[in-house]
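A short reminder: the numbers here are calculations on the coordinates, not readings from a lab. No experiment lies behind these values; they were computed from the predicted model shown. Cβ atoms come from the backbone with ideal geometry, glycine included; neighbour counts cover every protein chain shown.
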Amino acid sequence: MMEKIICLRYPHLFKPVQSVNAIILLICLGTADSVEGSGVLWFITLLSLFVSAVATVLFLLDKNEPILYTITGGAVSWNVVEFVYSTVLAVLCFLSTWLSFTEPGRVKDGGSYLGYTFAAIFFFLQTIFYTAPALLFFDKMRDAETGRDLSNEIHYVDDAEVPYQGERIA
């Protein structure tokens, strides 16, 4: 039963995880005092939540390819779209990690800054949650471009099973 749910399979497992992590980031940012420049963190978090939630819903409803075909006429595949948004958001989340670590220094004395520290940790996790699928989709696109079919590759458990080009000479 669980194996039929597409979002529980790798690399699609990252879509709902990205959405949940974005909600955690919103909670972290909401607990900290607002300082000048923290709007960038809010924007990146809301963008991350929106993109991940839309991608998850489209994927669960199996509407990602039809909608993309309607928009691009089949010129762009879903893997390319996922690679692009994952890469862009990975870079933005990485920059947000750095920004989140600098924000506590801007909070006035007696203000709450711990949310920024936790946000930095969760932004780093979000960077990983976007980087892993981006790398997987890059490999998929590269294999599709070169015409390499991974389903027919032979994998040997150990070297004793590797066939030789000719018969062994005893």
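Worth pointing out:
- In this structure, Ser112 and Val88 have a Cβ-Cβ separation that, at R0 = 25 Å, corresponds to a calculated FRET efficiency of about 0.25.
- Potential extension, Trp98-Phe43 segment - 0.36 nm per residue separation minus Cα distance: 18.3 nm
- Taken as Cα centroids, segment 23-79 and segment 101-146 sit 14 Å apart, rounded to the nearest whole angstrom.
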